[in-house]
Amino acid sequence: MSAAFPATIYVAPVVTMDADRPMADAFAVLCDRIVGVGSVDEVRALVGADASVVELSGVVLPGLIDAHLHMERGGLKALSYLPEDATLAAFIETMRRTFHDADWAGAEPPTLDERVKALDVVQPWLHALGITGVVDPASTIDEMRGYQEAHRRGRLTMRTLAMPYLPIGTLEIPDVDAAITHLDGTGVSTGFGDDMLRVGPIKVYADGEALKGQAYLDEPWDSTGYRGLQRIEDAEFARLVDWCANNGWGVGTHAVGSAAIAAVTAAYRAAGPAVVDRRFQLIHAYLEPSLETIRAAAEARVIASLQPSIIWHNGRGLRAKLGDRAEHANPVRSWLDAGATVAFGSDGPFFPFDPRHLIWQAVTRRVEGEDQPLSMDEAITVDDALAAYTTGAAYAAMADDHRGMIREGYIADWALWEADPRSIAIDDLRRLRVLRTDVGGRTVYRRAA
Ligand SMILES: [Zn+2]
């Protein structure tokens, strides 16, 4: 084959995340696509002799996808605290220090220009961590406008699946009927968009936050019998899910506690093929889900969208509140063993969002401020964690047939790491550097020499 536009062959060990060919020696890119994967000779035979060859020093992985990152909000927060030329390290440290600040947004709502600027600022920091895509799990109407404007101006470099946030129970959207009216009035639904910006499932809340004692549990929080906060009644939730299933929408539901996870799973199971088509998600799903619920959700092909960052941050507090009941928090191993698709994300940038740290947490089960890890029964391997950040998260991003692997025909989203994350000591993983990141064949990050 001799193409009008010659391909580029990249030569380096490639961790493909493709079960059909887990490792390769080279891959070729033409425009925004991967057009060959294999040995150097195989790839050369595929793309022709006029292809240019680039030897890379390091190991190539698919670009990571953070399946739960409030990217635009994070950018706005960065704008309000940091100079525009701040470093990634300063951003991480500032987000950590200002975790509890609630009123950072200022009196005036940000303008469209400011929203685009926020994305300009935050995207490069995420690319520097090997991230090429995100699921924004709660996009307000204004955030949607910001993403659309950034995309229109050609400034979106992060592939984004934006989940419209419906704050049911507020003045804006008082009840399920109002939510349905709102969704019905948009004229679009889950899946609308393109490979840079797509409308995801809606985001709703079934319960609250665990450290506030609001996770809705089967077993009471304490001797008073209090079981947490159920934010939407079962029948109303089921009605919303049913409407979404029949009207082109997917559903992602914040459900932290066992009772909330079970209720959401039961409603999803009645939604039929829409669950797979529109990637229904259980979001967080980390506190005491029963094995029965986990299996039922996995069988219905509901995505477990899990965040090792939340457990890192909350582990100590959960032990203080629940004692031994905290040990199995975030049961990633159980979700995987049940056959669920697990998508990893961070809930960043408010929670820690460095994927190296999160992979390390999921493997070691360590939590902030404690010497003892949580129960190792729920520990996973680096390979499992990488799958949750690539193939699993690509599934959640409605892109598993063209992202999340280095595979012929897939989009050329990849990152060059110093070494294979699976082959180094686990504690060294947190310092392993990303050297280069490409989105759609275009370099969006290159580490300064
Ligand atoms: Zn979140």
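Throughout, read-outs are computed from the coordinates displayed, never taken from laboratory work. These numbers come from a predicted model, not from an experiment. Please note: Cβ atoms are built from the backbone with ideal geometry, for glycine as well, and neighbour counts cover all protein chains shown.
Numbers at a glance
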{"item": "Any hit, the stretch 76-85, residues being out of contact with any Gly (no Cβ under 6 Å at 6 or more places or on another chain) and within 16 Å of the ligand (Cβ to nearest atom)", "result": "yes"}
{"item": "Every pair of residues 6+ apart whose Cβ atoms lie under 6 Å, when the first sits in the stretch 118-131 and is in contact (Cβ under 8 Å) with a residue 24 or more places away in the chain while the second is among the small types (Gly, Ala, Ser) and in a helix (DSSP H, G or I)", "result": "Ala118/Gly75; Leu119/Gly75; Leu119/Ala150; Val121/Gly75; Val121/Ala78; Val122/Gly74; Val122/Gly75; Val122/Ala78"}
{"item": "Those residues of the stretch 274-299 which are free of Cβ contacts under 8 Å to residues at least 40 places away in the same chain, over 20 Å from the mean Cα position of the chain (by Cα) and under 12 Å from Val264 (Cα atoms), in sequence order", "result": "Thr293, Ala296"}
{"item": "Residue, farthest from Glu236 (Cα to Cα), within the stretch 248-260, restricted to residues that are of a type in the set (A, V, I, L, M, F, W, C) and within 16 Å of the ligand (Cβ to nearest atom)", "result": "Val256"}
{"item": "Condition check for Gly106: assigned to a helix (DSSP H, G or I) and of a type in the set (Gly, Ala, Ser)", "result": "no"}
{"item": "The stretch 123-152 - residue that is within 15 Å of the ligand (Cβ to nearest atom) and buried (at least 24 other Cβ atoms within 10 Å of the Cβ) and, of those, farthest from Thr391 (Cα to Cα)", "result": "Ser139"}
{"item": "Out of Ile294, Ile311, sole residue that is within 21 Å of Leu374 (Cα to Cα) and within 16 Å of the ligand (Cβ to nearest atom)", "result": "Ile311"}
